[in-house]
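Here's the structure, in structure tokens; my notes come after.
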Amino acid sequence: MPKILFTGKREVVVDEGTSILDAALSSGVSIYHTCGGNASCSTCRVKILKGFENLSPIEEAETQVLDSFDLKTPFRLGCQAQVLNGEVEVEIPKWERAPRPNKTPKVP
């Protein structure tokens, strides 16, 4: 079964296709998120330290959000990156201040 190591927090075994955000929330790992997992705000961004190849491909909605915040590899949106197999090591960036409000329209 796939596994996520949240650096400095815990290791979680997940079902294939589980998003990083869902894995964090269900295991008690705090991760900031404001848009409800709709790929529209970037607040759930995570840095992939290992296992990038074990994640789902980046789709257009995620690409647009990452580009709008000038985020490149190794960043992914926790709400969109699904663990498909193997192990993934994830760092959850600390927010020094609250992120700006979400002004991106919800993706239907």
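The values are calculated or read from the model by the stated rules, or taken from the named source; none is laboratory data. Note that the structure is a prediction, hence the values are computed from the model and not measured. Cβ: placed from backbone, ideal geometry, glycine included. Neighbour counts: every protein chain shown. Areas reflect the complete protein model, heavy atoms only, side chains present, ligands, DNA and RNA absent. Shrake-Rupley method; radii C 1.70, N 1.55, O 1.52, S 1.80 Å.
The table below gives the values:
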| quantity | calculated |
| --- | --- |
| Segment ARG10-SER56, extension gain: residue separation times 0.36 nm, minus the distance between their alpha carbons | 14.4 nm |
| Whole-percent carbon and sulfur share, accessible surface of the chain, 1.4 Å | 48 percent |
| Net +/- balance of residues flanking CYS44 in space, Cβ distance below 14 Å, scoring K and R +1, D and E -1 | +1 |
| Cysteines having no other Cys beta carbon under 4.7 Å from their own, within the chain | CYS44, CYS79 |
| Mean ellipticity per residue at 222 nm, deg cm²/dmol - from DSSP H runs of n ≥ 4 across the chain, formula -39500 (n - 2.57) | -4000 deg cm²/dmol |
| Neighbour net charge for PRO74 - beta-carbon separation under 12 angstrom, K R +1, D E -1 | +2 |
| Solvent accessible area, Å² - LYS47, 1.4 Å probe, full protein context | 70 Å² |
| For the chain, built as a Gaussian network whose Cα springs stay under 10 Å, the top-fluctuating residue of ILE92, ILE31, ILE58 | ILE58 |
